[in-house]
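The structure appears below as structure tokens.
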Amino acid sequence: ICIFLHRDRILVAEGYDRSKDETFYRPLGGGIEYGEPSAETICRELMEEINVEVDRQSLKYLGAVENIFNFNGKRGHEIVMIYDAEPKDHRLYKQAVILGKEGDGEDIRAVWKKLDEFSQGKSILYPTGLLELLSG
């Protein structure tokens, strides 16, 4: 995933878990393809999902979290590689809402959220452990 940290905000996709009746937020990114370096995954996924080109020179690996979760009543487990980067086009920082599509055709609605919304419990950020990584 890529957080695009800009001032005190990160870019996150809005999600909804029907089984928990919960709205949550998660940075954009996706699955690593066999043989693909994780940094390349960031660039490919952001281009595919929201048509944003990442400034490859700005890509910075921040760490990884192991995420064991339930989503829509199903158990999941993932290792999440976390990056920060800048978009090539800085006008992205001024867009309130960024629309896109997942590989399966599902709509993506990404927004800028202040980090303190998550630390104050006003909004939920996934994956679990990301906020602690960003705060530490």
Checklist entry - What's the number of the condition SER19 fails, among (1) under 18 Å from HIS77 (Cα atoms); (2) within 11 Å of the chain's Cα centre (by Cα)? => result (2)
Checklist entry - Based on what the data block shows, is ILE10 under 18 Å from LEU134 (Cβ atoms), surrounded by 17 or more Cβ atoms within 10 Å (Cβ to Cβ) and touching a Pro at 6+ places or on another chain (Cβ under 7 Å)? => result yes
Checklist entry - Of everything in the range 64-95 that's small (Gly, Ala, Ser) and assigned to a strand (DSSP E or B), which residue is most open to solvent (accessible area, probe 1.4 Å)? => result ALA64
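Farther than 18 Å from ILE32 by Cβ, modelled with pLDDT under 95 and surrounded by 16 or more Cβ atoms within 10 Å (Cβ to Cβ): does that describe LEU134?
When the stated conditions are applied, LEU134 passes them.
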Item to check | Unique residue being over 13 Å from HIS6 (Cα atoms) and either in contact (Cβ under 8 Å) with a residue 60 or more places away in the chain or touching a Leu at 6+ places or on another chain (Cβ under 9 Å) (or both) when the list is GLY129, GLY76 | outcome: GLY129
Next on the checklist: Given the criterion modelled with pLDDT of 95 or more, more than 15 Å from ILE10 (Cβ to Cβ) and not aliphatic (A, V, I, L, M), identify the matching residue among GLU102, GLU117, GLU40.
Outcome noted: GLU40
Next on the checklist: Whether any residue in the range 106-119 is free of Cβ contacts under 8 Å to residues at least 60 places away in the same chain, in contact with a strand residue (DSSP E or B) (Cβ under 8 Å, 6 or more places away or on another chain), buried (at least 16 other Cβ atoms within 10 Å of the Cβ) and not basic (Lys, Arg) is what I want to check.
Outcome noted: no
Checklist outcome for this item: The condition from (1) under 26 Å from ASP17 (Cα atoms); (2) assigned to a strand (DSSP E or B); (3) open to solvent by 80 Å² or more (accessible area, probe 1.4 Å); (4) not acidic (Asp, Glu) that TYR61 misses is numbered (1)
Checklist entry - If you go through the range 31-67, how many residues are within 24 Å of GLY129 (Cβ to Cβ), of a type in the set (A, V, I, L, M, F, W, C) and without any contact (Cβ under 8 Å) to a residue 24 or more places away in the chain? => result 2
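The values are calculated or read from the model by the stated rules, or taken from the named source; none is laboratory data. Source: prediction; values computed, not measured. A quick note on method: Cβ atoms are made from the backbone with ideal geometry, for glycine too, and the neighbour counts reach across all protein chains shown. Protein only, heavy atoms only, side chains kept; ligands, DNA and RNA dropped before computing areas. Shrake-Rupley method; radii C 1.70, N 1.55, O 1.52, S 1.80 Å.
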